[in-house]
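Report on the following structure.
Quick note: the coordinates plus some simple rules give every number you see, no bench work behind them. In this text, all values refer to a predicted model and were calculated from it rather than measured experimentally. Counting neighbours? That spans all protein chains shown, and the Cβs are built from the backbone with ideal geometry, glycine included.
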Amino acid sequence: MKRIPHHLSWYILVTMVVFLSGCSAVIVEDNLQPEQIPAAISRAGDELATEKRFLQTGVIYQWAVSAEANSEFSSPEWSAEQAVGKPDSPGCGDYQFSWASAASDSIDTLIVRFPELVYPLEIIIHESFNSDQVTKVEVQDPERLGYYTVLQKNPIRVDRPCPYELIVPVEGIGFLTNTVRITVDQSQLGLGWNEIDAVQLIGTKGEE
Ligand SMILES: [Ca+2]
């Protein structure tokens, strides 16, 4: 049998690694315009969740301290309360440590509240099952009690990475907020429950 020269073996190995690494993130989109596709990065336990994503000083990173939803699959398992605190679902799957709505094919809303009022810079939604069917993210003006939309998009099917972080950059909000409302539309893609493990609100006390 003819042996492959040593330097050619390395070339083939490196080529395969480059090719396979390019296949690790497969996002199947559905009728989505490129500028609407949210940034997505894979999670590495709590390491990424506590990462200081902004270089400026005075940035507050906080997890939800209370939550309510228009429906829950059960309680305490899969209740809205499961979206409080840091991510704790053990991975990607149908775990009771995340919020799930009562039905698997409905449009539902989850409201999460945070300890500190901030001018929001970013909202990170940790999804542990059937990402990403979030269609709207809003922040509440506590004085007027109105909600302002910071993301509106179609549901998309995301196979990898899972769990999935939906990162929502927020600009131009001129009021302090500690309340985020998230809408999932599970009626379109037939994927089933889009479960939310945790939500992080990042912001500052001073207006940008
Ligand atoms: Ca959780």
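Where does each of 55, 110 land when they are ranked from fewest to most other beta-carbon atoms within 10 angstrom? The partial results should precede the final answer.
Working: 55 6, 110 24.
Fewest-to-most ranking of 55, 110: 55, 110.
Pop out the Kirkwood hydrodynamic radius of segment 27-204 from its pairwise C-alpha distances, inverse of mean 1/r, in Å to one decimal. Could you put the intermediate results ahead of the total?
Values: mean 1/r = 0.0625 Å⁻¹.
Final number for the Kirkwood radius of segment 27-204 is 16.0 Å.
How would 145, 166 line up from fewest to most surrounding beta-carbon atoms within 10 angstrom?
Working: 145 8, 166 23.
Fewest-to-most ranking of 145, 166: 145, 166.
Put +1 on the Cβ of every Lys and Arg and -1 on every Asp and Glu Cβ in segment 121-204; which of 145, 190, 130 then has its Cα farthest towards the positive end of the dipole?
Of the listed residues, the answer is 190.
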